[in-house]
Amino acid sequence: MSSASIAVEPEQSVVSPHWHERVFSFRYVIAALFVVLAVMTVRGRFNDPDLWWHLKTGQVIAQTHRIPEADTFSYTTGHHHTVPHEWLAQLIIYSAYAAHGYTGLMLWECLMAAAILLAGFYLCTLYSGDLRIAFLGTLSIWAFGTVGYAPRPQLVGYLLLTCELILLHLGRRRNPRWLLGLPPVFAMWVNCHGSFWLGLGVLAVASLVDVVNIRVPGFAASSSQPSSRRWLPWIFAASAAALFLNPNGLEQILYPFTIMWHSPVNLGNVQEWRPLALHNGRTWVYIFEIACFAALVFFRRARLTLDEFLILGYAAFEALRHERLLFPFGILAAPVLCRLLAASSGSSQQDQQRPALNAALIGGCLVTVLVAFPSANNLTQQVAKSSPVQAVEFIRSHHLPGPILNGYDFGGYLIWAAPEYPVFVDGRADIFEWTGVLTAYGSWVTRHTPTKQLLDQYGINLCLLDADAAVVPEIERLPGWKKVYADATSVVLERERSENSQSLSSK
């Protein structure tokens, strides 16, 4: 090789791409595609029944400048003590609504869903160094995330989980100063969603494995820098201390465990807390991903680190027990799977320098997002399709007297749209289980107890139920009850008032 050729190679290697090649690189095309995927996924998901009581709680906090400590939305719990452990996320959700109504809420939901996918793509890219593999890993995050894409605080929690994994990876592999971002993340997380305990567990396992420098045959050695190993115990302690930056102290920190340990009815009957079922498509994605891990470990000789094995084993077990925990499982599993795939393939895919084509693709994605974003009228129709909008308007316009017995899924909307009618039950299943209301309601709606018994016990004058509820015909057959309103979504049944009560109400 001549000296001239030696001089040329370093000169070529330091040439950096032009600004348009950086801005319109292939990785940003993939990012734009995930923004489109996020919008297309959530544009029709504006029908979560729990949205409304989250929204109402945020409104109360915004208007009173106080965080409620007792239930004021129902008449059945006796103002039971409550811990609004998601108060900050609820305030954020209400702020989106206050800014632009339903459109503001949908924009917030789209931004959160897109942020989770984009952060997940960056995380998978860090682990694999291969854009193609990172693309597949992010698709798995999306597939598992479809179980929970809804305008609820959990989106904030799972975005923070992804951010934690990014900071932890950068801090352990590149510069320990990245770890300084973790305590602020946990200070926000504890006020937004109970998944902060999962994040703290991840940090605890990573810290223990790195600090003790545990070596187990069959597992890959940790690639953390020695300096980060000295930082991790202090970062963990600071992150744990940051959890106390909340309005309820230790009670709020322990509240997720209180729910898990003392809510057997909720965890056993609410769909999202049930175990995985074979008829669910996400279950087969879960089985496929577990099979991929097994194939890579046993046949391609890829090796997990000890902390990855412990964290993924626990996440996989919990996802098997509770369907809603597929979401965090996907976030935890995707980057590790990407690393194993990249190590097995031995190749990497970098940005393709086709700025003109990439710019056109990014522009097409932006146009698609603008066209696909639902209109205010579409959002109103989604609400009307899944919530008792017209029934509540009928009740209010006719001034029908309570107390009201509402369907479980209708309680949230009733809290938001007609706060003058305290609810019987709603999606805050914990406090209703602890006061015995959820058990009584479940026995009544499944007709295990006499229909008349619960109505008389609580002095019910009005029922707002799902149009297909099996108990509706039985109420109609009861003496003194009649159906006064019905549509495709809901029915309203009223106890006939005596002449005396009618005259009193007219006065």
(request) With respect to residue 409, determine if the residue is under 25 Å from the mean Cα position of the chain (by Cα) and either at pLDDT below 95 or assigned to a helix (DSSP H, G or I) (or both). (result) yes
(message) Yes or no: the range 471-479 includes at least one residue that is among the hydrophobic types (A, V, I, L, M, F, W, C), part of a loop (DSSP other than H, G, I, E, B) and modelled with pLDDT under 95.
(response) yes
(message) Would you confirm, using the coordinates I've provided, whether residue 454 is in contact with a Phe, Trp or Tyr (Cβ under 8 Å, 6 or more places away or on another chain), under 13 Å from residue 406 (Cβ atoms) and part of a helix (DSSP H, G or I)?
(response) yes
(message) Quick check on residue 330: is it assigned to a helix (DSSP H, G or I) and either crowded, with 21+ Cβ neighbours inside 10 Å or not aliphatic (A, V, I, L, M) (or both)?
(response) yes
(message) With the requirement that a residue be more than 22 Å from residue 146 (Cβ to Cβ) and either among the hydrophobic types (A, V, I, L, M, F, W, C) or in contact with a Cys (Cβ under 7 Å, 6 or more places away or on another chain) (or both), what does the range 294-337 give you?
(response) 294, 295, 296, 297, 298, 299, 302, 304, 306, 309, 310, 311
(message) Looking at the range 189-210 only, could you name the residues that are buried (at least 19 other Cβ atoms within 10 Å of the Cβ), within 16 Å of residue 259 (Cα to Cα) and either free of Cβ contacts under 8 Å to residues at least 12 places away in the same chain or of a type in the set (Phe, Trp, Tyr) (or both)?
(response) 196
(message) Quick test for you: out of 82, 57, pick the one residue that is crowded, with 18+ Cβ neighbours inside 10 Å, under 18 Å from residue 194 (Cβ atoms) and modelled with pLDDT of 95 or more.
(response) 57
(message) With at pLDDT 90 or above, under 17 Å from residue 138 (Cβ atoms), among the aromatic types (Phe, Trp, Tyr) and surrounded by 15 or more Cβ atoms within 10 Å (Cβ to Cβ) as the only criterion, which of 286, 314 stands out?
(response) 286
(request) Collect the residues in the range 41-88 that are over 15 Å from residue 412 (Cβ atoms), in a helix (DSSP H, G or I) and more than 16 Å from the chain's Cα centre (by Cα), keeping them in residue-number order. (result) 61, 62, 63, 64
(message) From the list 236, 257, 186, 244, exactly one residue is in contact (Cβ under 8 Å) with a residue 60 or more places away in the chain and among the aromatic types (Phe, Trp, Tyr). Which is it?
(response) 257
(message) Take residue 109 and tell me if it is closer than 25 Å to residue 339 by Cα, surrounded by 19 or more Cβ atoms within 10 Å (Cβ to Cβ) and either within 13 Å of the chain's Cα centre (by Cα) or among the acidic types (Asp, Glu) (or both).
(response) no
(message) When you check residue 443 against the structure, is it over 30 Å from residue 260 (Cβ atoms), out of contact with any strand residue (DSSP E or B) (no Cβ under 8 Å at 6 or more places or on another chain) and free of Cβ contacts under 8 Å to residues at least 12 places away in the same chain, yes or no?
(response) no
(request) Would you please name the residue that is modelled with the lowest pLDDT, looking only at residues in the range 61-79 that are hydrophobic (A, V, I, L, M, F, W, C) and either more than 26 Å from residue 252 (Cα to Cα) or exposed (fewer than 15 other Cβ atoms within 10 Å of the Cβ) (or both)? (result) 70
(request) Could you tell me whether residue 464 is assigned by TED's automatic domain parsing to the domain that holds residue 395 and either part of a helix (DSSP H, G or I) or at pLDDT below 95 (or both)? (result) no
(request) Give 132, 152 a once-over and let me know the one that is assigned to a helix (DSSP H, G or I), out of contact with any Pro (no Cβ under 8 Å at 6 or more places or on another chain), among the charged types (D, E, K, R) and surrounded by fewer than 24 Cβ atoms within 10 Å (Cβ to Cβ). (result) 132
(request) Consider only pairs whose beta carbons are under 9 Å apart and that are at least six residues apart or on different chains; among these, list those whose first residue lies in the range 353-375 and is among the aromatic types (Phe, Trp, Tyr) and whose second residue is assigned to a helix (DSSP H, G or I). (result) 373/39; 373/103; 373/106; 373/107; 373/110
(message) For the range 406-444, give me each residue that is touching a Leu at 6+ places or on another chain (Cβ under 7 Å) and either surrounded by fewer than 20 Cβ atoms within 10 Å (Cβ to Cβ) or among the aromatic types (Phe, Trp, Tyr) (or both).
(response) 410, 416, 421, 424, 432, 440, 444
(request) Could you tell me which residue of the range 220-276 is modelled with the highest pLDDT, considering only residues that are part of a helix (DSSP H, G or I) and among the polar types (S, T, N, Q)? (result) 239
(request) Out of the residues in the range 281-313 that are of a type outside the set (Val, Ile, Thr) and under 22 Å from the mean Cα position of the chain (by Cα), state the one that is nearest to residue 169 (Cα to Cα). (result) 312
(request) Those residues that are β-branched (Val, Ile, Thr) and either in contact with a helix residue (DSSP H, G or I) (Cβ under 6 Å, 6 or more places away or on another chain) or assigned by TED's automatic domain parsing to the domain that holds residue 415 (or both), I need them from the range 66-103; list them, please. (result) 67, 76, 77, 82, 83, 93, 103
(message) Here's a check for you: in the range 122-181, which residue that is charged (D, E, K, R) and closer than 30 Å to residue 233 by Cα is nearest to the chain's Cα centre (by Cα)?
(response) 164
(request) Answer with yes or no whether residue 92 is surrounded by 22 or more Cβ atoms within 10 Å (Cβ to Cβ) and touching a residue at least 60 places away in the same chain (Cβ under 8 Å). (result) no
(request) Kindly indicate whether residue 4 is farther than 22 Å from residue 101 by Cα and either in a loop (DSSP other than H, G, I, E, B) or at pLDDT 90 or above (or both). (result) no
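The values are calculated or read from the model by the stated rules, or taken from the named source; none is laboratory data. Only a predicted model underlies this, so the values are computations on that prediction, with no experimental measurement involved. Neighbour counts are summed over all protein chains in view; Cβ atoms, including those assigned to glycine, are modelled from backbone coordinates with ideal geometry.
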